[in-house]
1. Test K19 against the criterion of being free of Cβ contacts under 8 Å to residues at least 40 places away in the same chain, surrounded by fewer than 10 Cβ atoms within 10 Å (Cβ to Cβ) and within 30 Å of E99 (Cβ to Cβ), and give yes or no.
2. Return the pairs, sorted by first residue and then second, in which the second residue is open to solvent by 50 Å² or more (accessible area, probe 1.4 Å) and in a helix (DSSP H, G or I), the first residue lies in segment 38-49 and is touching a residue at least 24 places away in the same chain (Cβ under 8 Å), the beta carbons are less than 9 Å apart, and the residues are 6+ apart or on different chains.
3. Name every residue in segment 133-143 that is in contact (Cβ under 8 Å) with a residue 40 or more places away in the chain and either among the charged types (D, E, K, R) or exposed (fewer than 14 other Cβ atoms within 10 Å of the Cβ) (or both), in order of residue number.
4. If you take the residues in segment 145-194 that are in contact with a Phe, Trp or Tyr (Cβ under 8 Å, 6 or more places away or on another chain) and not in a helix (DSSP H, G or I), which one is surrounded by the fewest Cβ atoms within 10 Å (Cβ to Cβ)?
5. When both residues are 6+ apart or on different chains and their Cβ atoms are under 6 Å apart, which pairs have a first residue that lies in segment 167-181 and is over 14 Å from L193 (Cα atoms), and a second that is open to solvent by 40 Å² or more (accessible area, probe 1.4 Å) and in a helix (DSSP H, G or I)?
6. Quick one: D32 ticks every box in (1) out of contact with any Leu (no Cβ under 6 Å at 6 or more places or on another chain); (2) touching a residue at least 24 places away in the same chain (Cβ under 8 Å) bar one, so which box is it?
7. Would you please list the contacts, defined by Cβ atoms under 8 Å and residues six or more apart or on different chains, that run from a residue in segment 74-85 that is closer than 13 Å to F127 by Cα to a residue that is among the basic types (K, R) and surrounded by fewer than 20 Cβ atoms within 10 Å (Cβ to Cβ)?
8. Out of all the residues in segment 33-89, which are under 20 Å from A109 (Cα atoms) and of a type in the set (A, V, I, L, M)?
Amino acid sequence: MSLHQDAELKKAVLELPQKEKDKLLVRLISKDKMLMKQLHFQLLENEYDLEERIDKLRKQLAQLFDIGTSQIGNTPHHSNFIGLSKLVKQASGLVNEHEKVTKDKTSEAEFRFYILQRVIGDYERLFDSSYQSAAHKLHKYITGRIKHAVSKYDKLHEDFQFDYREDFQNALHAFGNTTLKSYISEQRIELDLN
């Protein structure tokens, strides 16, 4: 049950002395790690800290993909499809957390573009035609990531769109020249950026 659904409890909580409310608030915050990270960023960090976070995540993603290329081959084998899927999910998770904490849409979009560029640049052969179910799952998942990244691109200010357009457009065209083309058209994703 939510506090909003129990008007009597809500009223009682709001009537507590400020000191009691502060204790409750601190206890509740300590139980939610994401909320703690968000509050730390909002209350204790500034624009320089945001730049540090962006640089740190940029290096983390590069390292993650560099390690991935040594462990996941660019050959259409079952284990490579699964490995790349896990790698992209891990990278996307890092970006999701960054966005939830900082609410910075520009760096989020940059990182989503980077992930797709590395995927097509490092693993192009995994997007050749294949009858393996793991390939189909990967192709569907990457198509979803493309759709998500295109929607992030569309929401960026035109100056940022200009900054990212060429590299992102090249990655989209590269995906469009693979078997993902049918998945992309099925999802009605426009590969030509405006």
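The values are calculated or read from the model by the stated rules, or taken from the named source; none is laboratory data. What you see is a predicted model, and the numbers here were worked out from it, not measured in a lab. Positions of Cβ are backbone-derived with ideal geometry, glycine not excepted, and every protein chain shown enters the neighbour counts. Note: accessible area is taken over every heavy atom of the protein model, side chains too, but ligands, DNA and RNA are not part of it. Shrake-Rupley method; radii C 1.70, N 1.55, O 1.52, S 1.80 Å.
1. Numbers: free of Cβ contacts under 8 Å to residues at least 40 places away in the same chain: yes; surrounded by fewer than 10 Cβ atoms within 10 Å (Cβ to Cβ): yes; within 30 Å of E99 (Cβ to Cβ): no.
When the stated conditions are applied, K19 does not pass them.
2. Q38/K100; F41/R53
3. Of the residues in segment 133-143, the ones in contact (Cβ under 8 Å) with a residue 40 or more places away in the chain are 134-135, 137-143.
Within segment 133-143, K137, K140 meet the criteria.
4. If we take residues in segment 145-194 being in contact with a Phe, Trp or Tyr (Cβ under 8 Å, 6 or more places away or on another chain) and not in a helix (DSSP H, G or I), then L193 is surrounded by the fewest Cβ atoms within 10 Å (Cβ to Cβ).
5. none
6. Among (1) out of contact with any Leu (no Cβ under 6 Å at 6 or more places or on another chain); (2) touching a residue at least 24 places away in the same chain (Cβ under 8 Å), D32 violates only (2).
7. N74/R125; T75/R125; P76/R125; F81/K137; S85/K137
8. Within segment 33-89, L50, I54, L57, L61, A62, L64, L87, V88 meet the criteria.
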